[in-house]
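Take a look at the structure below.
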Amino acid sequence: MGAIHRLPEELVHDVLSYALHIPLDDFFLVDTETDDAETKPRLRTASPPPSAFLLVSKQWHRIGLPLLYASLALSSSGALHAVAAAVTADPRLGRAIRAVRLRGAYGPALYTILRAAPQLRALSIATTAAAEDSLAGLRRAVPALDPRVLCVYSPLGGRGGWNAKRCQLDALLQSAVRTWRNLVRRRPFLSQ
């Protein structure tokens, strides 16, 4: 057995925490002109990606997987369903979620994810909603949420333009902000 497999779990956790951690400000970087949510340059260009650390061993995978779920970027129905299935199958993954960035993935599976994430502290939402998008998951989850940090952006040319669904999303968020008691930081402000 190699030396790497004999490392204490606390040390493996610290190494993986450092490798997989994304500072909140970097996680929420958004170019509102192009509607691109960007992550830290180190994560976009790293080869192999930091998640490759989870392939070192079963121990590293077990310890690191919840760290990988700490910051989730969800922008498609497929990603939403995959994460919902994962947090349902392994509740510790839901408990690990601290920050979520949403861009057009507001369907029913979102409720499953957010319900499983009692430690959620930061939420970023792009108010891009096409007419055919479902807001059902977000609508169900909002009353149970109470984030400390909220980042809402309305891209200039956003997907779907200004339509009834996007107006509903904007109204839902404005209403939610008034009920969230732990909210201490909000940027940028909701559209007026």
Pop a pseudo-label 7 angstrom from the Cα along the beta-carbon direction at both A79 and Q119 and give the gap in nm to one decimal. 2.1 nm
Just to verify a number: FRET efficiency for N163 and A3, C-beta to C-beta distance, R0 = 41 Å, to 0.05? 0.10
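Which order results if I22, I63 are arranged by neighbouring Cβ count within 10 Å, fewest first?
Ordered by Cβ neighbours within 10 Å, fewest first: I22, I63.
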Cα→Cβ-extended label distance, 7 Å offset, between L11 and A89, nm: 3.2 nm
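Values in this text are rule-based calculations from the coordinates and carry no lab data. Treat the numbers as computed from the prediction; the structure is a model and nothing was measured. Note that we place each Cβ from the backbone using ideal geometry, even for glycine, and neighbour counts take in every protein chain shown.
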